[in-house]
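The values are calculated or read from the model by the stated rules, or taken from the named source; none is laboratory data. Note that the structure is a prediction, hence the values are computed from the model and not measured. Don't worry about glycine lacking a Cβ; one is built from the backbone with ideal geometry, like all the others, and counts go over all protein chains shown. Keep in mind that these areas ignore ligands, DNA and RNA; they rest on the heavy atoms of the full protein, side chains included. Shrake-Rupley method; radii C 1.70, N 1.55, O 1.52, S 1.80 Å.
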Amino acid sequence: MKYVLHYDVAALVLTVIILIHFYHKKSIRVSQTVVFVWLVWISLITDVLDIVTVVIDEYRLMPVIVNLVNVIYLITFNVLPFLYYLYLFTATGEDKDTWSWRDKLVLYAPVSWTMLLILTSPATKLIFYYNLEEGYCHGPGFVLLYVATAIYMAATMTVVVKYRSVLTGWQKTSVYFYLLASLTGIILQVLFPNILLLQFAVSLALLLLYMSLESPDDDEDKLLGIYNHRGFEKVVKDEVEKQIPFHLIVANITNYFPIREAVGLDSGRILLKQLVEGLKGELRPAELYGLADGKLAVIVEDSEEELDRVVKVMQDIFSRPVTGGDMSIQLEIMLMQLDYPEEVGTLEDIMDSVDYFTTVPFESSAGEVRHMSGQILENRKRENRIQQIMQQALANGTFQVYYQPIYSSSKGRFNCAEALVRLFDDEMGFISPEEFIPIAEKNGMILKIGEFVFRSACEMIAREKIWEKGIDYIEVNLSVVQCMQEDICEMLYGIMDEFGVPYGCINLEVTETILATDILLNTMERMAVGGVTFSLDDYGTGYSNLSNVLKYPFSIVKLDKSMVWYAMENEQAMKALRHTVTMMRDLEMNIVAEGVETAEQRDLLKEMGCEYLQGYFFSKPVAEADFLAKLETA
């Protein structure tokens with residue numbers, strides 16, 4: 001039979017290109033990658049042997065040589081589906097020690113009996129035979145090799161289905177392509193036995209696998225020349241799966257973003273590159289990883305001596321200014337140490353700890369190493385749990401809106417109230433807004449929560465006709481994220497129109513720290529024209545910038561409770577409070593004093609000229625029914 005070798009040659013070229021690119025780049029050697037390297041090398045050997053078997057068959061060499069080459073070729077060829085199945089199982093992160101006997105039987109049995117059949121075939125002629133007259137021929141049991149391949153293909157598909165939530169989209173796509181290419185190659189090989197297509201199909205599948213999952217470029221921060229977050233997670237995952245103890249040091253450059261804002265994105269990255277270059281040289285053999293802008297990590301072997309060396313190097317380098325061009329800047333860092341498995345036992349806990357440390361501010365001296373204690377990890381888990389509770393509350397509409405009445409000194413009664421969101425859970429009980437609001441702002445849920453509160457307040461205003469109960473308006477807080485939305489004006493007007501709420505019945509509270517945006521100023525001006533009023537909340541805690549009071553269309557200034565409380569115990573603070581009240585009255589601003597808890601505070605603020613008083617002395621925030629009952633009794 002005259003064989004066509006073009007596709008085998010193409011497969012050989014493709015496989016060589018993959019290997020050259022892989023070894024040219026610095027790559028991470030985790031279990032998954034090691035199996036992939038074996039897969040490529042075995043594929044290369046199979047490509048070569050497939051060509052060699054054709055050549056020696058044509059020249060009718062000694063049967064001993066032909067049999068030996070064909071045995072090696074068939075063994076390598078039938079190991080490929082086994083390695084692909086092993087690669088995919090490794091990618092799932094499943095610990096081999098936990099595999100069932102069925103998993104192990106599927107893994108080892110087919111490749112074992114096909115090897116036995118191939119090795120004995122020169123004597124049994126079951127898989128193949130060779131003689132000088134007929135040349136190379138398939139034996140009656142050759143189909144068993146395809147059966148073994150089919151078993152591994154079916155097992156591979158089973159793994160995809162079983163671990164579909166663990167595998168990435170690219171991993172699943174590459175498996176589907178591998179299965180389709182292999183099946184197509186087998187069918188064509190049976191139909192056209194002289195055209196050697198199967199190895200080309202396998203090489204294409206390997207190329208897709210490499211480009212999508214195993215390319216070293218995907219694990220590298222090209223500017224910094226170190227492994228990135230993806231590479232870091234791969235290494236940590238591999239260490240945890242192998243249960244290898246290690247120490248993890250994470251460095252968070254706390255002033256990186258202010259520096260980048262000051263010098264520009266490109267200059268900031270150049271400074272970071274200068275820092276990384278110095279660290280890489282001093283830290284070797286320990287590996288440095290870039291987790292994100294201004295966040296670095298080092299995985300240290302389980303050695304106290306090596307750990308002390310790495311920490312000392314990082315503290316020493318960060319203590320010196322970083323230079324780049326004409327700039328010389330001092331970076332400020334916080335260091336976290338995490339020990340596996342003493343402090344954390346799972347990959348999820350490790351990644352959660354790193355994420356928590358690099359996103360939540362901690363009180364710590366510059367360069368001081370902070371241990372990721374169990375309490376910190378519990379805080380992270382609590383945050384995750386609160387996030388789940390908020391998602392459920394949004395889906396089920398179980399957030400609650402409470403109202404805190406505000407007392408009018410001149411009218412001697414409540415004349416307005418502030419709407420405040422509350423969250424309760426059967427397991428965790430009351431969850432403070434000071435805890436869940438920052439989480440909601442970070443993950444974007446604050447937009448839906450804010451809309452829920454505004455909609456609930458408008459529904460109550462319209463249903464109860466609160467103006468008939470002596471309430472002029474309801475104050476509703478706008479979050480930082482809401483104020484950044486260009487369509488916030490349309491959304492708020494749309495809800496008020498839906499319930500038929502007079503625009504004057506709504507007062508929107510904005511904190512001073514979120515001012516200075518053109519979007520917000522435009523929104524406030526558009527809504528003020530319609531009759532919506534605005535309060536400057538928490539005055540006295542931020543910049544207390546008078547220009548903000550004058551620039552934006554505020555009609556109310558709310559003095560923060562800390563300003564009121566401090567004035568009761570400090571003479572200078574009392575003078576500042578009196579001056580602030582007088583100044584706001586001269587500007588014809590209405591003033592709300594928050595945090596009024598005693599009769600003494602009430603009398604003092606009334607004497608100063610504060611028109612509106614809010615605090616526990618009058619009422620704590622209460623549920624809607626209790627708020628309406630208070631209005632009836634008042």
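Rolling a 1.4 angstrom probe over the protein heavy atoms, how many square angstrom per residue are accessible across the chain?
On a per-residue basis, 47 Å².
Assigning unit charges at the beta carbon (Lys, Arg +1; Asp, Glu -1) and nothing else, what dipole magnitude in debye, to the nearest 20, does the stretch 457-594 show about its Cα centre?
Dipole size: approximately 420 debye.
With +1 on the Cβ of every Lys and Arg and -1 on the Cβ of every Asp and Glu, and nothing else charged, how large is the dipole of the stretch 270-359 about its Cα centre, in debye rounded to the nearest 20?
In debye, rounded to 20, the stretch 270-359 gives about 660.
What does the C-alpha gyration tensor say about the overall shape of the stretch 416-567? Classify as rounded when a/c is under 1.5, otherwise prolate if a/b is larger than b/c, or oblate.
rounded
Restricting to bridges with both residues inside the chain, how much of the DSSP beta-bridge set is antiparallel, in percent to the nearest 5?
So the antiparallel bridges in the chain amount to around 60 percent.
If each DSSP helix of 4+ residues adds -39,500 (n - 2.57) and the sum is divided by the residues in the chain, what number results at 222 nm, nearest 500 deg cm²/dmol?
Taking each H run of at least 4 residues, the total per residue is -18500 deg cm²/dmol.
Of (1) 31.0; (2) 39.0; (3) 27.2, which one was derived for mean projected area of the Cα convex hull in nm² from the structure shown?
Of the listed options (1) 31.0; (2) 39.0; (3) 27.2, (2) comes from this structure.
Loop-only check: which trypsin sites (Lys or Arg not before Pro) in the stretch 1-55 are DSSP coil with at most 11 other Cβ within 10 angstrom?
Filter output for the stretch 1-55: Lys2, Arg29.
Put +1 on the Cβ of each Lys and Arg and -1 on the Cβ of each Asp and Glu in the chain; which of Leu283, Tyr23, Phe399 then has its Cα farthest toward the positive end of the dipole?
In the chain, that residue is Tyr23.
Tell me, what is the 1.4 Å probe accessible area of Ile186, in Å² to the nearest 10?
30
So if R0 is 60 Å, what FRET efficiency would Arg413 and Lys162 give, r being the distance between their Cβ atoms, rounded to the nearest 0.05?
That pair, Arg413 with Lys162, gives E of 0.35.
Order these peptides, 174-182, 106-114, by their mean beta-carbon neighbour count within 10 angstrom, highest first.
174-182, 106-114
Rolling a 1.4 angstrom probe over the protein chains, ignoring ligands and nucleic acids, what is the accessible area of Lys620 in square angstrom, nearest 10?
120
What area, in nm² and to one decimal, does the C-alpha convex hull of the stretch 404-477 cast on average over all directions?
Over all viewing directions, the stretch 404-477 projects a mean Cα-hull area of 6.2 nm².
If you find the alpha carbon centre of the stretch 143-200 and of the stretch 232-263, how far apart are they in angstrom?
Computed from Cα coordinates, the inter-centre distance equals 38 Å.
On alpha carbon coordinates alone, what is the Rg over Rh value for the stretch 1-127, Rh being the Kirkwood radius?
Using only Cα positions, Rg/Rh for the stretch 1-127 is 1.03.
Work out the length of the dipole vector of the chain about its Cα centre, built from +1 on the beta-carbon of each Lys and Arg and -1 on the beta-carbon of each Asp and Glu, and round it to the nearest 20 debye.
Approximately 1580 debye in magnitude.
Suppose accessible area is computed on protein heavy atoms with a 1.4 Å probe; arrange Asp308, Asp8, Asp352 from highest to lowest.
Solvent-accessible surface, decreasing: Asp308, Asp352, Asp8.
Note down the Stokes-Einstein diffusion coefficient of the stretch 165-281 in µm²/s, whole number, using a Kirkwood radius over alpha carbon pairs, 20 °C, and 1.002 mPa s.
Stokes-Einstein gives a translational diffusion coefficient of 117 µm²/s.
Among DSSP bridges having both ends in the stretch 392-484, what percentage is antiparallel? Round to the nearest 5.
Once the DSSP bridges in the stretch 392-484 are tallied, antiparallel ones form about 75 percent.
Once the Cα atoms of the stretch 565-613 are picked out, what are the Rg and Dmax in Å?
Rg, Dmax (Cα atoms, Å): 10.2, 28.
How much net charge surrounds Trp565 when only the other residues with a Cβ under 11 Å from the Cβ of Trp565 are counted, with Lys and Arg +1 and Asp and Glu -1?
Net of charged neighbours comes to -3.
Tally Lys/Arg at +1 and Asp/Glu at -1 over every other residue whose Cβ is under 13 Å from the Cβ of Asp487; what's the total?
Surrounding charge for Asp487 is -2.
Go through 624-632, 400-408, 489-497 and give me the packing order, highest mean Cβ count within 10 Å leading.
Per-residue mean Cβ counts within 10 Å order the peptides as 400-408, 489-497, 624-632.
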